[in-house]
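J.: Here it is, the structure, as structure tokens.
The values are calculated or read from the model by the stated rules, or taken from the named source; none is laboratory data. Keep in mind it's a predicted model, so treat the numbers as computed, not measured. Every residue, glycine among them, receives a Cβ derived from its backbone with ideal geometry; neighbour counts consider all protein chains shown. Only protein heavy atoms, including side chains, enter the accessible area calculation; ligands, DNA and RNA are left aside. Shrake-Rupley method; radii C 1.70, N 1.55, O 1.52, S 1.80 Å.
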Amino acid sequence: MKATKLLAVSLMGVSTAAIAQTKPNIVLIIGDDCRYQDLACYGSKDAITPNIDKLADEGLKFNRFFQATAMSSPTRHCLLTGIYPVRSGAYPNHTFIKDDITTLPKYLKDAGYRVALQGKRHIAPEKAFPFEYLSGGGANVDIDRIEPFIADAVAAKEPFFLFVASHDPHSPWTRGDRSLFDADKITLPPYLVDTEKTRENYVNYLAEINQLDTDVGKVDALIKKYGLDKNTIFIFTSEQGHSFPFAKWTCYDAGLHTGFIVRWDGVTQPGTTTDALCEYVDVTPTLLDIAGAKIPKNLDGKSFLKVIQGKTDKFKEYVYSLHTTRGIINGSEYYGIRSVRNGTFRYILNLTPEAEFRNAATANKDAVWQSWLQKAKTDAFAQQQVNNYQHRPAEELYNTATDPFEMNNLINDPRYAKEVKMLRKKLSAWMKQQGDEGQATEMKALERQPKNVTNDD
């Protein structure tokens with residue numbers, strides 16, 4: 001790594017500012033409830049995302065990057081700690097990490113970085129995340145707040161980590177230009193029930209993805225304005241899937257599979273891709289590796305720096321995930337899910353299959369869900385999808401290579417008994433290592449939430 005080699009040179013007589021200049025800046029932009037397949041560079045026929053596509057053309061695009069849970073708060077805690085949700089304590093939504101957990105901004109600050117967050121927070125407690133907060137929680141990308149921070153860091157010759165947390169395309173989808181899309185012509189994911197309301201809301205969602213893309217372009221232009229693009233690692237990630245059924249709040253790929261793109265001048269090769277299996281839990285150790293900082297041994301994640309450098313296209317054999325509805329507004333009183341995935345199969349364990357699965361997507365006020373229920377009265381596919389979303393078997397198995405939308409459950413097919421047995425064993429071992437007692441852990445979820453939760457951000 002370029003920065004590490006430079007830091008290895010004797011520092012005697014070198015000023016602090018000169019030392020700081022040897023470290024690359026890091027900009028990480030994260031979307032909010034954006035299914036990765038709704039970006040043009042990840043295959044969308046409808047998305048208008050020229051800036052994100054350009055970033056992919058200039059850098060390295062990860063094809064198989066995942067998160068440990070498809071909810072914003074646990075996802076962000078995982079990304080910024082390098083520790084899986086149950087072990088960190090941040091496994092329900094609207095939550096906080098345990099007192100003994102150290103975070104990425106603290107590690108980087110100790111390594112000599114300025115660290116700032118602009119946009120949505122959804123992390124707690126604030127004292128554990130020593131960012132310079134450039135705006136209030138829930139804000140959209142604001143270049144006028146970002147530029148003074150960058151200008152000041154440049155003037156002081158300080159390396160910086162800038163975490164830009166967009167609120168787009170999180171519902172209720174009020175931003176962006178809807179006229180760019182034709183509701184009658186867009187291609188819906190095949191697991192969604194095709195109704196007028198589904199199409200109308202999908203257009204609104206795509207418009208906000210376009211707004212997100214515009215903001216990515218603005219941040220990139222700011223980096224170039226200050227001549228930092230040669231020494232700045234620029235990362236974009238789409239976060240979890242959209243809030244339509246079968247994505248967010250689940251352990252299906254549509255919720256857990258995320259877009260992840262890295263551009264690093266002189267390190268990543270333009271227009272390249274990797275099939276290396278990586279997770280959000282690996283981001284903290286990777287960025288510490290890039291910064292030349294020591295990686296703590298207690299992290300669950302591992303550095304994938306060699307993947308970024310193009311030295312390998314292999315990283316992990318398995319990625320893990322979980323979900324709890326306990327404490328979610330309009331959610332099931334309890335519905336725990338655990339999952340493990342390798343390069344071909346996803347195995348899902350539903351802890352309480354007797355319970356009905358509910359969340360904000362199935363709430364009475366949700367117009368899309370109501371349109372599904374109405375269509376289910378006369379349409380077999382709509383009836384099937386309504387039932388499949390709310391009533392699930394104890395176990396599920398999907399061949400993600402041949403069935404990428406996970407619509408054909410293979411759990412009872414004897415041809416896959418070997419895979420099921422192996423994945424059960426892997427998932428059980430991971431849960432044990434994490435101190436995850438399944439339903440007993442689920443019932444403790446409310447202890448990890450503040451008492452004034454009012455929404456499902």
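J.: For helix 196-225, report the angle its Cα long axis makes with the longest principal axis of the Cα atoms of the chain; keep it between 0 and 90° and round to the nearest 10°.
T.: Roughly 10 degrees between the two axes.
J.: Which pairs break 20 Å Cα to Cα here: Lys197/Lys377; Lys127/Lys444; Lys157/Lys218; Lys106/Lys297; Lys23/Lys297; Lys316/Lys426? The partial results should precede the final answer.
T.: Working: Lys197/Lys377 16 Å; Lys127/Lys444 24 Å; Lys157/Lys218 22 Å; Lys106/Lys297 16 Å; Lys23/Lys297 23 Å; Lys316/Lys426 13 Å.
Listed pairs above 20 Å: Lys127/Lys444; Lys157/Lys218; Lys23/Lys297.
J.: Which log10 I(q)/I(0) values, to two decimals, does the stretch 206-265 give at q = 0.16, 0.19 Å⁻¹ under the Debye formula with one point per Cα?
T.: Those come out to -0.64, -0.78, one per q.
J.: Distances over 27 Å make up what percent of all Cα-Cα pairs in the stretch 181-312?
T.: Numbers: 3163 of 8646 pairs.
Of all Cα-Cα pairs in the stretch 181-312, 37 percent lie more than 27 Å apart.
J.: Starting from the stretch 126-219, pick out the trypsin sites (Lys or Arg not before Pro) whose DSSP state is loop and whose Cβ has at most 11 other Cβ atoms within 10 Å.
T.: Numbers: sites: Lys127, Arg145, Lys157, Arg175, Arg178, Lys185, Lys197, Arg199, Lys218; in loops: Lys157, Arg175, Lys185.
Listed in order of number, the matching sites are Lys185.
J.: Taking the mean number of other Cβ atoms within 10 Å as a proxy for protection, how do you rank 358-368, 273-283 from highest to lowest?
T.: Result, highest mean Cβ count within 10 Å first: 273-283, 358-368.
J.: Further, regarding this structure: Give me the number: length gained by fully extending Glu356 to Asn408, i.e. 0.36 nm times residue separation minus the C-alpha to C-alpha distance, one decimal in nm. Before the final figure, lay out the partial values.
T.: On the way: separation 52, 0.36 × 52 = 18.72 nm, distance 2.04 nm.
Full extension from Glu356 to Asn408 adds 16.7 nm.
J.: What is the set of long-range amide H partners of Ile233 at a cut-off below 5 Å, with H atoms built 1.01 Å from backbone N?
T.: Asn25, Ile26, Val27
J.: Ok, one more. With no solvent and one point per C-alpha, what does the Debye sum give as log10 I(q)/I(0) for the chain at q = 0.06, 0.09 Å⁻¹?
T.: Debye curve over Cα of the chain, log10 I(q)/I(0) at q = 0.06, 0.09 Å⁻¹: -0.24, -0.56.
J.: State in Å² the accessible area per residue of the chain; use a 1.4 Å probe, count heavy atoms of protein chains only, and round to the nearest integer. Please report the intermediate quantities before stating the final value.
T.: Details: 18120 Å² over 457 residues.
The answer is 40 Å² per residue.
J.: Turning to a different aspect of this structure: Counting only protein heavy atoms and using a 1.4 Å probe, what share of the accessible area of the stretch 240-339 belongs to carbon plus sulfur, as a whole percent?
T.: Working: 1410 of 3090 Å².
C and S atoms contribute 46 percent here.
J.: Hey, another quick one. Report the charge-dipole magnitude of the chain in Debye, nearest 20, computed about the Cα centre from +1 at each Lys and Arg Cβ and -1 at each Asp and Glu Cβ. Don't skip to the answer; put the middle values down first.
T.: On the way: 56 positive and 56 negative charges, 288 e Å.
Roughly 1380 debye, rounded to the nearest 20.
J.: On alpha-carbon atoms, Rg over Rh for the stretch 67-131 using Kirkwood Rh? Could you put the intermediate results ahead of the total?
T.: Numbers: Rg = 11.1 Å, Rh = 11.8 Å.
Radius of gyration over Kirkwood radius for the stretch 67-131 works out to 0.94.
J.: For the stretch 197-239, give the magnitude of the charge dipole about the Cα centre (Cβ charges: +1 Lys/Arg, -1 Asp/Glu; no others), in debye to the nearest 20. Show your work: numbers first, answer last.
T.: Numbers: 6 positive and 7 negative charges, 27 e Å.
I would put it at about 120 debye.
J.: Amide H to amide H, which residues 5 or more places from Phe315 or on other chains are under 5 Å from it, using H placed in the peptide plane?
T.: Leu277
J.: Can you tell me the order of 209-215, 244-250 when each peptide is scored by its average per-residue count of other Cβ atoms within 10 angstrom, highest first?
T.: On the way: 209-215: 23.6, 244-250: 26.1.
Ranked from most to least packed, the peptides come out as 244-250, 209-215.
J.: If you don't mind, another one. For the chain, what proportion of DSSP beta bridges, expressed in % and rounded to the nearest 5, is antiparallel?
T.: Values: 25 of 50 bridges.
Of those bridges, close to 50 percent are antiparallel.
J.: Show me 351-357, 159-165 ranked by packing, highest mean number of other Cβ atoms within 10 Å first.
T.: Details: 351-357: 16.0, 159-165: 24.9.
Ranking the peptides 351-357, 159-165 by packing returns 159-165, 351-357.
J.: Compute the acute angle (0 to 90°) between the alpha-carbon long axis of helix 143-155 and the principal axis of greatest extent of the alpha-carbon atoms of the chain; round to the nearest 10°.
T.: Its long axis makes an angle of about 30 degrees.
J.: Mind listing which GluC sites (Glu not before Pro) in the stretch 367-457 are in a DSSP loop and have 13 or fewer other Cβ atoms within 10 Å?
T.: Working: sites: Glu395, Glu396, Glu406, Glu419, Glu437, Glu442, Glu447; in loops: Glu406, Glu437.
Sites meeting the loop and neighbour criteria: Glu437.
J.: On a 0 to 90° scale, report how tilted helix 417-434 is relative to the longest principal axis of the chain, with both axes built from alpha carbons and the result rounded to the nearest 10.
T.: 50 degrees
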